[in-house]
Every structure is written in C-alpha cells, then in structure tokens.
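FYI, it's all coordinate maths here, none of it is from the lab. For clarity, every value in this text was computed on a predicted model and none was experimentally measured. Cβ atoms come from the backbone with ideal geometry, glycine included; neighbour counts cover every protein chain shown.
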Amino acid sequence: MSRYGLLYPEYWDGPTGRRIQTAGGKNATLLGAYLTSNRRATMLGLYRLPLADVMTDTPLSLADLVDAFAVLEDLQFAEYDADSEYVWVREMARFRLGLGAHPKTTAALLKTDKRVEHVQKLYAALDDNPFLVPFFDRYHAVLHLNPRIVSEPLGSPLGAPTKSGTGTEVQKYRKARAVQRTVKSNRAKPRDPVENQNGKDRAPDVATDALYRKIAHEALAAVGAGGSIVDVTEEFKTLCARRRLAYDSTLAASVLESVLVSSR
C-alpha cells in the first residue's frame, strides 16, 4: 500500500477528528478515515471515488453516505460531487506533502523537490470536476502548479444522468443531498408560532433535521417498506404528536422524501 494511504493517529484524538465524531458519530468518522486511506486516494486528496466502491469497502449504506458526507462538508473536511464522482479532502495534500501543521502557515515545496513534478502530473491527469479551481487556488503557490486547469460547469438537472454519474446510487445520492440542502435552507427561515393547550401562542418545539430523520425511519419501519408516502406521512405525524413535537410540514416533507429515496 502506498505511504500516501496511511492514516495518522491524530485523526482519532485531534481537534478535527473530535469535531467529526461529535457532529457525525461513527459513520462520519469511518468515512473520514476511509477518504484518507483507501486505495484510490492520492497525495493530492483530490481523486475519483465511485460511491459503489465506498459501499463495497465499508459497512456504510447509501443513506449513511448521504448523512456522513453532509457532516464532512459542513466541517470543511471533505466534499463530494456526485456528477463527476470526485472527492476533495481539503487538507490532505498539506498533511501528505508535509506542508505545515496549520493551513495559515503552509510552507512551499522547493521547486527542485521531485514531488513537485509528480504533483503536477497528478493534477494534470484529473478528469473535469468542480474542485479543480478551488484546489488550484488553495495549493498552486506552495506546490508550484502550472498551468491552471479551469473546470467546466457540470450543472446537470436533478436526477439527470451525466457521462460519469449515471449509476442508480449516484442518482439517489444526488437527490438526497439536494433534499438535505433544501432542509438546511428552510431551517434558517423563521416559522410561525403554534397554539399551546392554553390557547396562547408559543414558539414551536425545536424540530431538527436529525430528529425528524430519526422519526421518519421509525415511521417507515412501522408502515413497512411497501407503504405509500401518504401512509408514512400519517405515521410520521402520529409519532410527532406522541413526542409533543411541533409539526413542520416543509421540513417533514423534505426529510421524508430523503429517507424514502435512500431506502429504495
């Protein structure tokens, strides 16, 4: 195995690893470790990674990957593009090439360093993906990257196949991530007050994406895999009522769609 596939012990007890564990639990932690140590990984941290490979190599399901990548993206640890099937682990090149312990104090390689030529070859050989320009902006000065490669916008319609991202897993992942981003946007919007048992307006109980997702899985399990969206929604409402949790129809619809897409 290439030395660039080594997993540093600091990943488990360092600040970045701790944040991943806290925000995403075991699935995000496992995915983060996999992204830095799998056989497709390179010293750049920017490489093609089909979702099918991740699910073959790890116990993570497609639904697990959707949630785990969302956490890693929020923490700016890694980003995944389903259209090109490319992943970028943002600081992997800095660690693998020994460019410094902190992003703000990144040290440049000497131009005579043999790794500079190898890095240039790896970068030039990359397929088109949306991370080419951000990677160049982040590392071109310290890795002496030249020339700059400009990525063409992929921008395929939601669910439409592209030349690289055509698999069923890719389409399901793309839809589920789109739903997650919609949910995240909706959560930032103020919601109307609800009426309590005394007839007075009060702010609704906090309905988070994570809590709604847990309830959605419970509803799906209660109704059965063959249940309709209507049946699952009604069961979802019942479970929310039992918890005395305010029902947010917009958030619920987004979460239920995401869970159903991932489970079928």
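Numbers below:
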item	result
Percentage relative contact order, region 203-263, counting C-alpha pairs under 8 Å, at least six apart	45 percent
DSSP-assigned coil residues among trypsin sites (Lys or Arg not before Pro) in region 18-96, each with at most 10 further Cβ atoms within 10 Å	39
Ranked by how many other beta carbons lie within 10 Å on average, peptides 120-126, 174-180 from highest	174-180, 120-126
Largest-first ellipsoid semi-axes for region 3-143, taking √(5λ) over the Cα gyration tensor eigenvalues, angstrom	25, 18, 13
Lys, Arg +1 and Asp, Glu -1 on Cβ, resulting dipole of region 3-143 about Cα centre, debye, nearest 20	740 debye
Net charge of neighbours whose Cβ lies under 12 Å from the Cβ of residue 55, counting Lys and Arg as +1 and Asp and Glu as -1	-3
